[in-house]
1. Suppose we filter segment 335-363 for residues that are over 14 Å from L283 (Cβ atoms) and surrounded by fewer than 15 Cβ atoms within 10 Å (Cβ to Cβ); how many remain?
2. Please verify whether segment 47-69 includes one or more residues that are within 18 Å of D169 (Cα to Cα), of a type in the set (A, V, I, L, M, F, W, C) and either part of a strand (DSSP E or B) or in contact with a helix residue (DSSP H, G or I) (Cβ under 8 Å, 6 or more places away or on another chain) (or both).
3. Within segment 169-191, count every residue that is closer than 28 Å to A41 by Cα, open to solvent by 60 Å² or more (accessible area, probe 1.4 Å) and either at pLDDT below 95 or out of contact with any strand residue (DSSP E or B) (no Cβ under 7 Å at 6 or more places or on another chain) (or both).
4. Which numbered condition trips up K207, out of (1) crowded, with 19+ Cβ neighbours inside 10 Å; (2) out of contact with any Lys or Arg (no Cβ under 9 Å at 6 or more places or on another chain)?
5. Conditions first: (1) in contact with a strand residue (DSSP E or B) (Cβ under 8 Å, 6 or more places away or on another chain); (2) open to solvent by 10 Å² or more (accessible area, probe 1.4 Å). S138 passes all but one, so which condition is the exception?
6. Is it the case, given these coordinates, that F263 is surrounded by 17 or more Cβ atoms within 10 Å (Cβ to Cβ) and closer than 18 Å to A196 by Cα?
7. Any idea which of K71, K63, K80, K92 is more than 30 Å from A268 (Cβ to Cβ), modelled with pLDDT of 95 or more and in contact with a Ser or Thr (Cβ under 8 Å, 6 or more places away or on another chain)?
8. Would you check which residues across segment 299-310 are polar (S, T, N, Q) and either within 24 Å of E48 (Cβ to Cβ) or in contact (Cβ under 8 Å) with a residue 24 or more places away in the chain (or both) and list them?
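The values are calculated or read from the model by the stated rules, or taken from the named source; none is laboratory data. Just so it is clear, the structure is predicted and the values come from calculations on it, not from any experiment. Cβ: placed from backbone, ideal geometry, glycine included. Neighbour counts: every protein chain shown. Quick note on the areas: whole protein, heavy atoms, side chains included, nothing else; ligands and nucleic acids left out. Shrake-Rupley method; radii C 1.70, N 1.55, O 1.52, S 1.80 Å.
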Amino acid sequence: MNKKACSLYIKYILFSIFLFASCVAIWGYFPQAIDAHASSASSMIVLEASTNRILKQQNAYSKRYMASTTKIVTAITVIKHANLDDIVTVPKEAVGVEGSSIYLELGEQIKVLDLLYGLMLQSGNDTAVALAIYVGGSVPNFAKLMNDTAKEAGALNSNFVNPHGLHDDNHYTTAYDLGLVSTYAMKDETFKKISATKSHTVDRPKKGWKHAIKNKNKILHTFDGGDGVKTGFTKKAGRCLVSSATRDGMQVVCVVLNCGPMFEECRALMQQAFDNYSLVNILESYCYAGQANIENGRQEQVGAYSQKSFYYPLRKDEIPEIKKLVEFDKIKAPIKKDQKVGRIIITLHDRPLFEQELYSIDEVKGITIMDKLKDLLPDWLG
């Protein structure tokens, strides 16, 4: 190879290396454009609401601050412990609380329900304190109720010390926990209605006017089926959002914590969930499940049924992997109608998803001595 050809060859090699390195750099610089599975959120999770199946997650079990998404827990705790028509007299502790507010005045009287709208739509920190003191007697006492609510929802790695989400090092959650609390809260009709409300008018008798407030959650306006739930921001927590949407009977809840483009991320993640999953009716209610064998019965078998239906979010490729296993008990007559006779187990990839008891469709009487004698009598008579 002459010098000129050698030089061209070396230049070609160097150019190829440069091109490869550039592609690698561009790949790393634009992860959203290349990897549809990545998220810019520090923590993220998407859950199907009725089963809490995780459809997608990223650092979902890491401890994070959650800003005003705290108010999801505040709201459902208040709903559990207070009469919505009760009148709250605003205490001094609720006046002038920093951050977002509906500007409560000392001694002002407002319904619990209206304060909940102010809490969830306007993200009022003052309404959070007013509700906490009304329900719990003090903020610390109410925080205990909040932690009880979280544990009831299955959120075991969270700690709440205030009702508004203003920063405290001991006030934290995880994306997974916040998702569980949100699906728990969305099962309550009052919470669900408030969460999906785009605007509300609060009666302010002391001020002599009605206060119109609008929901800060853009998901309600910009995503088909959007029905909740809460925004949040502090410098320490970053931008946080819990969003919810329902389509074709399937509700998904998306949590993003410390996420700059929080609305865009949630819309993309929920759309991906709806594109890839559907809620499948795997087991009908009062479904016939087969015949159970009977010992010492006037008939050898009895039909069995399951009582509850079972729906589960599945991808198309998962549907063939669903299996139903029926196990019958050892049954001896007599048996009553609707007596437990076994169980049905539903699995996905051989992992149990759901189990419920099976019950007898009919009554079956046992064989008596007289029955046995009647059976033997023809043989004796020849």
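1. Result for segment 335-363: 9.
2. Of the residues in segment 47-69, the ones within 18 Å of D169 (Cα to Cα) are 61-69.
With of a type in the set (A, V, I, L, M, F, W, C) added as a condition, the list becomes 66-67.
Now drop any that are not either part of a strand (DSSP E or B) or in contact with a helix residue (DSSP H, G or I) (Cβ under 8 Å, 6 or more places away or on another chain) (or both), which leaves 66.
Yes, the conditions are met somewhere in segment 47-69.
3. Matching residues across segment 169-191 total 2.
4. For K207, the exception is condition (1).
5. (1)
6. yes
7. K80
8. So the first thing to find is which residues in segment 299-310 are polar (S, T, N, Q), and the list is 299, 301, 306-307, 309.
Q299, S306, Q307, S309, listed by residue number.
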